[in-house]
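Data first, discussion second: the structure below is written as structure tokens.
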Ligand SMILES: Cc1cc2nc3c(=O)[nH]c(=O)nc-3n(C[C@H](O)[C@H](O)[C@H](O)COP(=O)(O)OP(=O)(O)OC[C@H]3O[C@@H](n4cnc5c(N)ncnc54)[C@H](O)[C@@H]3O)c2cc1C
């Protein structure tokens, strides 16, 4: 331990090496429940690529595991410390190095907060679409580590589609450049993509070249009330099948609506079974909303209310962004599933979750990036009650089993981490796991990077 700290100090400023156990303990875990977290030996907060290389060289020399961290808003335990590890927090590498309107790219360090980047590029008439609801806290490095999604992904896609190139410090301290900053490029294997969603197991992202888009017009939102989630899901399928391109298509059930009202007095309708929010950022959003409103009515909507203006639209979006935080207040603990299914299976998925809630006598709130088929069933329970906690864990697992049986995936955007390890193996199958382990071995033969995560 003493040798580790001394060696780290050789290449890092004193203030970048934290060893006080009370302080290091506060870096032990992300925001997932039911994921074990160990006690880090030390937390380091480098500001430069060279400092990150020094940390990795030291870790390799002394065979100490390293857990990379962004803002620790992750929901799968992927950023949780292991006993005796070095926590490598990238939050101080937070500079936007370049915004280039000609090539429509931004070059950033990993600790840049998502919303900070979004606002900076907006000032130049540009747009960085991936927008997790945690965007005011989460970092670009963490977004790359998890392959984050968000509300506008139904139209613009997820993080993977915006990462053009990376600079990565490998486990042994070597620096790897992947990808490009050009509009096109197909030289060699796509290692850039491999790092997206790798959960810090293949290397430390120290710089990213991100694609930007021209800023779209401001979006207008419509809220449609449905007497059942099945009717709302039918509307979603109809909207997508008819070729509409909403910039957002989100669903909240009654439990979620009530929780949001309780938290923020939003005045959302509490008698409805499902609220569907649709948005368009097209040149004539009112016309698109009118067409989608008709489809909602045909699918059984009892009320279709287009927002009057941008301010009202923003209020509805804020209601959706608060869903997770609001449901966290329903019990003393929550487990958040992230199952993504083909859109046609959305209704059976949501109805199946309701049946699981009844079976285990639990409250499970449902909010969903419905346009993507990405559901977030949120199991709310009393964490101090052992029996209820055990039922929560069982229901969480049963929801993933249901998702796989419907042709879906166990995680649309939150990642595997510790929480879904067993389920990743089920989804990939033995051949998939063997090859993925082989890839990991190539990048990290000593198994020092985020050991125990994924598989
Ligand atoms: C209220 C709330 C709402 C959320 N909404 C969404 C949502 O809409 N969509 C969504 O996708 N997620 C959402 N999340 C989950 C979370 O915000 C995302 O997973 C986010 O991408 C994590 O970023 P972070 O900076 O907190 O990373 P962390 O949680 O610190 O780390 C995440 C993973 O990335 C790795 N990592 C971090 N930095 C690096 C690096 N520089 N190099 C290599 N690996 C690295 C870590 O080891 C870990 O495996 C939400 C979370 C909360 C709390």
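Going residue by residue through the range 359-369, is there one that turns out to be in a helix (DSSP H, G or I) and more than 14 Å from residue 324 (Cα to Cα)?
Yes: the range 359-369 contains one or more residues that are in a helix (DSSP H, G or I) and more than 14 Å from residue 324 (Cα to Cα).
Consider residue 104 carefully, then state whether it is surrounded by fewer than 24 Cβ atoms within 10 Å (Cβ to Cβ), at positive phi and in contact with a strand residue (DSSP E or B) (Cβ under 8 Å, 6 or more places away or on another chain).
Spelling it out, residue 104 is indeed surrounded by fewer than 24 Cβ atoms within 10 Å (Cβ to Cβ), at positive phi and in contact with a strand residue (DSSP E or B) (Cβ under 8 Å, 6 or more places away or on another chain).
Tally time: how many residues in the range 5-16 are surrounded by 18 or more Cβ atoms within 10 Å (Cβ to Cβ) and either in a loop (DSSP other than H, G, I, E, B) or more than 33 Å from the chain's Cα centre (by Cα) (or both)? Spell out how you get there, then give the answer.
Of the residues in the range 5-16, the ones surrounded by 18 or more Cβ atoms within 10 Å (Cβ to Cβ) are 7-8, 11-12, 16.
Filter again for either in a loop (DSSP other than H, G, I, E, B) or more than 33 Å from the chain's Cα centre (by Cα) (or both), leaving 7, 12.
Here the count works out to 2.
What number of residues within the range 419-455 are without any contact (Cβ under 8 Å) to a residue 60 or more places away in the chain and exposed (fewer than 14 other Cβ atoms within 10 Å of the Cβ)?
Count: 12.
Which numbered condition trips up residue 129, out of (1) buried (at least 20 other Cβ atoms within 10 Å of the Cβ); (2) under 25 Å from residue 412 (Cα atoms); (3) within 10 Å of the ligand (Cβ to nearest atom)?
Condition not satisfied by residue 129: (3).
Taking the condition modelled with pLDDT of 95 or more, more than 14 Å from the ligand (Cβ to nearest atom) and not assigned by TED's automatic domain parsing to the domain that holds residue 242, does residue 348 pass?
no
How many of the residues making up the range 255-271 are surrounded by 18 or more Cβ atoms within 10 Å (Cβ to Cβ) and over 25 Å from the mean Cα position of the chain (by Cα)?
1
Considering the range 289-305 alone, what residues qualify as being surrounded by fewer than 19 Cβ atoms within 10 Å (Cβ to Cβ) and touching a helix residue (DSSP H, G or I) at 6+ places or on another chain (Cβ under 7 Å)?
300
For the range 70-90, what are the residues that are closer than 23 Å to residue 423 by Cβ, more than 12 Å from the chain's Cα centre (by Cα) and within 6 Å of the ligand (Cβ to nearest atom)?
Passing the criteria: only 79.
Could you tell me which numbered condition residue 144 fails, if it satisfies all but one of (1) in contact with a strand residue (DSSP E or B) (Cβ under 8 Å, 6 or more places away or on another chain); (2) more than 18 Å from residue 373 (Cα to Cα); (3) at pLDDT below 95?
(3)
Which of (1) closer than 30 Å to residue 277 by Cα; (2) at pLDDT 95 or above does residue 151 not meet, given it meets every other one?
(2)
Are any of the residues in the range 181-196 in contact with a helix residue (DSSP H, G or I) (Cβ under 7 Å, 6 or more places away or on another chain) and within 11 Å of the ligand (Cβ to nearest atom)?
Looking through the range 181-196, at least one residue is in contact with a helix residue (DSSP H, G or I) (Cβ under 7 Å, 6 or more places away or on another chain) and within 11 Å of the ligand (Cβ to nearest atom).
Here's the yes/no breakdown for (1) free of Cβ contacts under 8 Å to residues at least 60 places away in the same chain; (2) touching a helix residue (DSSP H, G or I) at 6+ places or on another chain (Cβ under 7 Å):
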site: 246; (1), (2): no, yes
site: 250; (1), (2): no, yes
site: 253; (1), (2): no, yes
site: 275; (1), (2): yes, yes
site: 315; (1), (2): yes, no
site: 324; (1), (2): no, no
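If we scan the range 368-382, do we find a residue that is more than 14 Å from residue 336 (Cα to Cα) and modelled with pLDDT under 95?
yes
A quick yes/no check of all residues on (1) in the same structural domain as residue 129 (by TED's automatic domain parsing); (2) crowded, with 19+ Cβ neighbours inside 10 Å; (3) within 23 Å of residue 109 (Cβ to Cβ):
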position	(1), (2), (3)
194	yes, no, yes
204	yes, yes, yes
228	no, no, no
232	no, yes, no
235	no, yes, no
250	no, yes, no
253	no, yes, no
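Restricting attention to the range 370-387, report how many residues are under 20 Å from residue 31 (Cα atoms) and surrounded by 17 or more Cβ atoms within 10 Å (Cβ to Cβ).
Count: 8.
The values are calculated or read from the model by the stated rules, or taken from the named source; none is laboratory data. This structure is a prediction, so every number in the text was calculated from the model and none was measured. No Cβ is skipped: glycine too gets one built from the backbone with ideal geometry, and neighbour counts run over all protein chains shown.
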